[in-house]
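S.K.: First the structure, which I've put down as structure tokens, then a few questions once you've had a look.
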Amino acid sequence: MSKSSKPTLTTEAGAPVADNQNSTSAGIGGPLLLQDQHLLEKLARFNRERIPERVVHARGSGAYGYFEVTDDVSDYTGAHFLGEVGRRTETFLRFSTVADNLGGPDAARDPRGFALKFYTEEGNYDLVGNNTPVFFIKDPLKFPDFIHSQKRDPFTGKQEPDNVWDFWAHSPEATHQVTWLMGDRGIPASYRHMNGYGSHTYQWTNAQGEVFYVKYHFKTNQGIRCLSSEQAAELCGTDPNSHQTDLLQSIERGVFPSWTLYVQIMPADEAADYRFNPFDLTKVWPHKDYPLHRVGRLVLDRNPDNVFAEVEQSAFSPNNFVPGIGPSPDKMLQGRLFAYADAHRYRLGVNHTQLPVNAPKAVPSGKANNYGRDGFMAANAYDRYAKNYEPNSYGGPVETGIPLSAPRPVTGYWGTHEAPQHTKDDDFFQAGELFRLMSEEEKGRLVANIAGGLSQVTREDVIEKNIAHFTAADPDYGRRVEAAVRELQEG
Ligand code: HEM
């Protein structure tokens with residue numbers, strides 16, 4: 001019983017704590033005693049508060065909300081949560097920066113993660129995207145090297161322009177994404193003022209078994225707003241948590257951010273002959289080839305109560321699909337289908353799907369219904385008669401026999417292959433198109449941003465290779481970058 005009407009402070013075992021200000025000592029001035037369970041427990045517990053941060057996208061913010069279908073897409077997918085206009089599904093969205101560690105500034109020039117969990121009645125569907133429609137590389141084998149080059153150098157302990165640009169010098173396929181990143185959209189003003197993209201091509205299957213390839217576009221209803229390099233540099237110093245502050249306060253004030261979801265839809269039989277490889281993550285599908293179809297509205301209306309429990313411990317995996325939605329042969333996506341759940345087992349443990357933010361709470365059973373058991377921190381209690389093997393004679397859960405998405409044909413020999421080339425599949429055409437779309441002012445800022453980084457590179461051959469990529473995208477682009485770099489080097 002406590003002295004006031006406030007609840008009693010307890011140890012982890014639930015026993016009342018007598019004194020939370022003074023440790024137990026041998027006499028008034030004496031040393032502390034090993035028998036002080038509350039002190040030992042408190043210090044030991046504190047030592048274990050941090051878990052490994054995400055190897056990428058460590059810094060982030062999250063919020064709950066819902067997705068509501070506004071347009072009928074049942075001709076294209078049998079996914080239940082998209083099956084009826086007006087249907088609502090609870091969601092959790094985590095935004096993030098990519099390269100910096102936990103605690104890095106929000107207003108960095110970096111892609112932003114846009115990881116969305118739909119708690120559907122057919123299981124959790126995770127769409128783990130970015131605020132950019134393309135990516136730097138197209139084979140997952142290059143991902144660890146790419147990330148090493150962008151994160152802190154093992155010797156200097158900081159991000160190094162030499163490493164960043166050296167990787168890009170060796171990766172011409174990055175030119176499109178680099179052009180995007182160094183342009184105006186490279187630093188969003190806040191998480192609310194940017195779009196989200198699934199980026200990869202995914203497979204939708206309708207009730208008749210017909211297959212479509214789709215790309216997801218979440219368009220912000222707040223309007224796109226970005227920061228200049230100068231504004232961002234200042235903000236990183238004055239409010240390193242600027243995106244977190246903005247999202248948190250907006251939702252607390254009842255100003256709920258929203259996005260409209262559109263999809264581009266390609267009938268499966270058009271994929272082989274499309275002018276771009278539709279499974280190449282460094283390419284977009286121009287909207288004049290595949291226009292946007294509106295699907296619904298995503299609204300964020302609730303902040304998590306506890307950042308660690310709900311945001312830090314949230315886990316999104318691109319291989320969490322639901323019936324009617326599946327992967328495409330995009331090699332990057334295929335690599336990601338393995339990487340995330342593996343990261344979760346390391347970062348959070350084998351039972352991370354039992355944590356409330358990750359649990360499939362909207363399914364009829366209210367939890368995962370399978371024969372996976374035990375492991376560290378197993379919290380799911382099963383009925384005493386529930387068998388832990390399958391098949392069994394005791395009425396345990398059984399398979400449906402219905403694949404989540406339609407099987408696709410494959411041909412060829414196993415081996416390492418470059419992705420199939422389509423007619424317009426060079427590394428530079430779409431980067432050049434993006435450059436040519438920009439106004440004079442936008443081109444000026446793009447070139448200044450590139451030159452600001454590239455001019456810090458110490459190796460001339462790395463600078464030249466990068467300039468050659470911009471030249472291949474558009475001769476004017478390359479010429480301007482070269483002039484700006486030389487000016488900075490001389491100045
Ligand atoms: C986070 C791997 C490409 C978006 C992560 C994590 C890993 C990873 C291991 C940390 C997961 C965790 O600890 O919870 C990879 C690999 C890639 C790749 C191997 C390429 C083969 C991409 C691409 C996108 C993307 C192309 C976007 C289109 C994200 C996002 C997160 C993330 C948004 C943060 C998820 C969260 O908020 O918890 N990635 N990634 N990644 N990745 Fe990737």
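The values are calculated or read from the model by the stated rules, or taken from the named source; none is laboratory data. Just so we're clear, the structure is a prediction, and the values are computed from it rather than from any experiment. Don't worry about glycine lacking a Cβ; one is built from the backbone with ideal geometry, like all the others, and counts go over all protein chains shown.
S.K.: For segment 409-451: of the residues being of a type in the set (Gly, Ala, Ser) and closer than 20 Å to Ser171 by Cα, which is surrounded by the fewest Cβ atoms within 10 Å (Cβ to Cβ)? Reasoning before the result, please.
M.R.: To start, the set of residues in segment 409-451 that are of a type in the set (Gly, Ala, Ser) comprises 412, 415, 419, 431-432, 439, 444, 448, 451.
Subsequent filtering for residues that are closer than 20 Å to Ser171 by Cα retains 419, 431-432, 451.
Working: Ala419: 18, Ala431: 27, Gly432: 21, Ala451: 21.
Per the stated criteria, the residue is Ala419.
S.K.: All but one of (1) within 16 Å of the ligand (Cβ to nearest atom); (2) more than 25 Å from Leu141 (Cβ to Cβ) hold for Pro360, so report the exception by its number.
M.R.: (1)
S.K.: Take the residues of segment 147-166 that are within 14 Å of the ligand (Cβ to nearest atom) and surrounded by fewer than 20 Cβ atoms within 10 Å (Cβ to Cβ): which is nearest to Ala451 (Cα to Cα)?
M.R.: Looking at residues that are within 14 Å of the ligand (Cβ to nearest atom) and surrounded by fewer than 20 Cβ atoms within 10 Å (Cβ to Cβ), I get Gln150.
S.K.: So which strands (runs of 3 or more DSSP E) stay within segment 37-138 end to end and still have 1 or more residues that are more than 16 Å from the ligand (Cβ to nearest atom) and of a type in the set (A, V, I, L, M, F, W, C)?
M.R.: Values: elements: 60-69, 88-97, 112-120, 123-130.
In segment 37-138, 60-69 are the strands (runs of 3 or more DSSP E) which contain 1 or more residues that are more than 16 Å from the ligand (Cβ to nearest atom) and of a type in the set (A, V, I, L, M, F, W, C).
S.K.: Still on this structure, I have one more. Among the residues of segment 484-491, are any small (Gly, Ala, Ser) and outside any helix (DSSP H, G or I)?
M.R.: Taking segment 484-491 as the starting set, the residues that turn out to be small (Gly, Ala, Ser) are 484, 491.
Filter again for outside any helix (DSSP H, G or I), leaving 491.
Among the residues of segment 484-491, at least one is small (Gly, Ala, Ser) and outside any helix (DSSP H, G or I), which makes the answer yes.
S.K.: Hey, another quick one. Out of all the residues in segment 253-260, is one or more part of a loop (DSSP other than H, G, I, E, B) and surrounded by 17 or more Cβ atoms within 10 Å (Cβ to Cβ)? Talk me through it step by step, then tell me what you get.
M.R.: Filtering segment 253-260 down to residues part of a loop (DSSP other than H, G, I, E, B) leaves 253-257.
Restricting the remaining residues to those that are surrounded by 17 or more Cβ atoms within 10 Å (Cβ to Cβ) gives 257.
Yes, segment 253-260 has at least one match.
S.K.: Looking at (1) farther than 30 Å from Tyr202 by Cβ; (2) under 18 Å from the mean Cα position of the chain (by Cα), find the lone condition where Arg94 falls short.
M.R.: (1)
S.K.: Hey, another quick one. Taking only segment 249-289 into account, find how many residues are of a type in the set (Asp, Glu), within 16 Å of the ligand (Cβ to nearest atom) and closer than 30 Å to Gln222 by Cβ. Can you show your working first?
M.R.: Keep residues of segment 249-289 that are of a type in the set (Asp, Glu), which gives 252, 269-270, 273, 280, 289.
Narrowing further to those that are within 16 Å of the ligand (Cβ to nearest atom): 280.
If we keep only those that are closer than 30 Å to Gln222 by Cβ too, we end up with none.
Number satisfying all stated conditions: 0.
For (1) modelled with pLDDT of 95 or more; (2) on the phi < 0 side of the Ramachandran plot; (3) touching a Ser or Thr at 6+ places or on another chain (Cβ under 7 Å), each residue gets a yes or a no:
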{"residue": "Ala379", "(1), (2), (3)": "no, yes, no"}
{"residue": "Arg384", "(1), (2), (3)": "no, yes, no"}
{"residue": "Val398", "(1), (2), (3)": "yes, yes, no"}
{"residue": "Gly412", "(1), (2), (3)": "no, no, no"}
{"residue": "Ala419", "(1), (2), (3)": "no, yes, no"}
{"residue": "His422", "(1), (2), (3)": "no, yes, no"}
{"residue": "Glu433", "(1), (2), (3)": "yes, yes, no"}
{"residue": "Ser439", "(1), (2), (3)": "yes, yes, no"}
{"residue": "Val447", "(1), (2), (3)": "yes, yes, no"}
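S.K.: Could you list, ordered by first residue, the pairs with Cβ atoms under 7 Å in which the first is in segment 308-319 and within 9 Å of the ligand (Cβ to nearest atom) and the second is small (Gly, Ala, Ser) and not in a helix (DSSP H, G or I), at least 6 apart or interchain?
M.R.: Val311/Gly60; Val311/Ser61; Val311/Gly62; Ser314/Gly62; Phe316/Ala115
S.K.: Name the residues in segment 286-318 that are touching a Ser or Thr at 6+ places or on another chain (Cβ under 8 Å) and within 25 Å of Thr201 (Cβ to Cβ), would you? Can you show your working first?
M.R.: Taking segment 286-318 first, the residues touching a Ser or Thr at 6+ places or on another chain (Cβ under 8 Å) are 294-300, 311, 315.
Residues satisfying the conditions are Arg294, Val295, Gly296, Arg297, Leu298, Ala315.
S.K.: While we're looking at this one, here's another question. His352 versus (1) within 16 Å of the ligand (Cβ to nearest atom); (2) more than 26 Å from Phe136 (Cα to Cα); (3) touching an Asp or Glu at 6+ places or on another chain (Cβ under 9 Å): which is the lone unmet condition?
M.R.: It is condition (3) that His352 fails.
S.K.: Consider segment 178-204. How many of its residues are within 14 Å of Val263 (Cα to Cα) and either free of Cβ contacts under 8 Å to residues at least 40 places away in the same chain or hydroxyl-bearing (Ser, Thr, Tyr) (or both)? Let's see the steps before the verdict.
M.R.: As a first pass, look at segment 178-204 and keep what is within 14 Å of Val263 (Cα to Cα): 195-204.
Then drop every residue that is not either free of Cβ contacts under 8 Å to residues at least 40 places away in the same chain or hydroxyl-bearing (Ser, Thr, Tyr) (or both), which leaves 197, 199, 201-202.
So the answer is 4.
For (1) part of a strand (DSSP E or B); (2) touching a Pro at 6+ places or on another chain (Cβ under 9 Å); (3) closer than 25 Å to Gly209 by Cβ, each residue gets a yes or a no:
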position: Met266; (1), (2), (3): yes, yes, yes
position: Trp285; (1), (2), (3): no, yes, yes
position: Arg336; (1), (2), (3): no, yes, no
position: Thr353; (1), (2), (3): no, yes, no
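S.K.: Can you name the condition, by its number, that Arg297 falls short on among (1) more than 16 Å from the ligand (Cβ to nearest atom); (2) in a loop (DSSP other than H, G, I, E, B)?
M.R.: Looking at each condition in turn, Arg297 falls short on (2).
S.K.: Let me ask something else. Does Arg225 fit the bill of being without any contact (Cβ under 8 Å) to a residue 12 or more places away in the chain, more than 16 Å from the ligand (Cβ to nearest atom) and basic (Lys, Arg)? Walk me through how you get there before you give the answer.
M.R.: Details: without any contact (Cβ under 8 Å) to a residue 12 or more places away in the chain: no; more than 16 Å from the ligand (Cβ to nearest atom): yes; basic (Lys, Arg): yes.
So Arg225 fails the test.
S.K.: I would also like to ask the following. Taking segment 332-346 on its own, how many of its residues are hydrophobic (A, V, I, L, M, F, W, C), closer than 15 Å to Thr282 by Cβ and touching a helix residue (DSSP H, G or I) at 6+ places or on another chain (Cβ under 8 Å)? Break it down stepwise before answering.
M.R.: Step one: filter segment 332-346 for residues hydrophobic (A, V, I, L, M, F, W, C), giving 332-333, 337-339, 341, 343.
Next, from what is left, pick out any that are closer than 15 Å to Thr282 by Cβ: 332-333.
Going one step further and asking which of them are touching a helix residue (DSSP H, G or I) at 6+ places or on another chain (Cβ under 8 Å), we end up with 332.
Total satisfying the criteria: 1.
S.K.: Scan segment 330-338 and tell me whether some residue there is out of contact with any Ser or Thr (no Cβ under 9 Å at 6 or more places or on another chain), more than 16 Å from the ligand (Cβ to nearest atom), among the charged types (D, E, K, R) and modelled with pLDDT of 95 or more.
M.R.: No - not one qualifying residue is present in segment 330-338.
S.K.: Here's something else I'd like to know. Does segment 135-153 contain at least one residue that is free of Cβ contacts under 8 Å to residues at least 12 places away in the same chain, over 30 Å from Ala79 (Cβ atoms) and of a type outside the set (Val, Ile, Thr)? Outline the logic, then answer.
M.R.: Taking segment 135-153 as the starting set, the residues that turn out to be free of Cβ contacts under 8 Å to residues at least 12 places away in the same chain are 144, 153.
Subset that is over 30 Å from Ala79 (Cβ atoms): 144, 153.
Still in the list and also of a type outside the set (Val, Ile, Thr): 144, 153.
Yes.
Here's the yes/no breakdown for (1) in contact (Cβ under 8 Å) with a residue 60 or more places away in the chain; (2) within 28 Å of the chain's Cα centre (by Cα); (3) not in a loop (DSSP other than H, G, I, E, B):
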site	(1), (2), (3)
Val363	yes, yes, no
Lys367	no, yes, no
Tyr371	no, no, no
Gly375	no, yes, no
Tyr382	no, no, no
Gly395	no, no, no
Gly401	no, no, no
Trp414	no, no, no
Lys424	yes, no, no
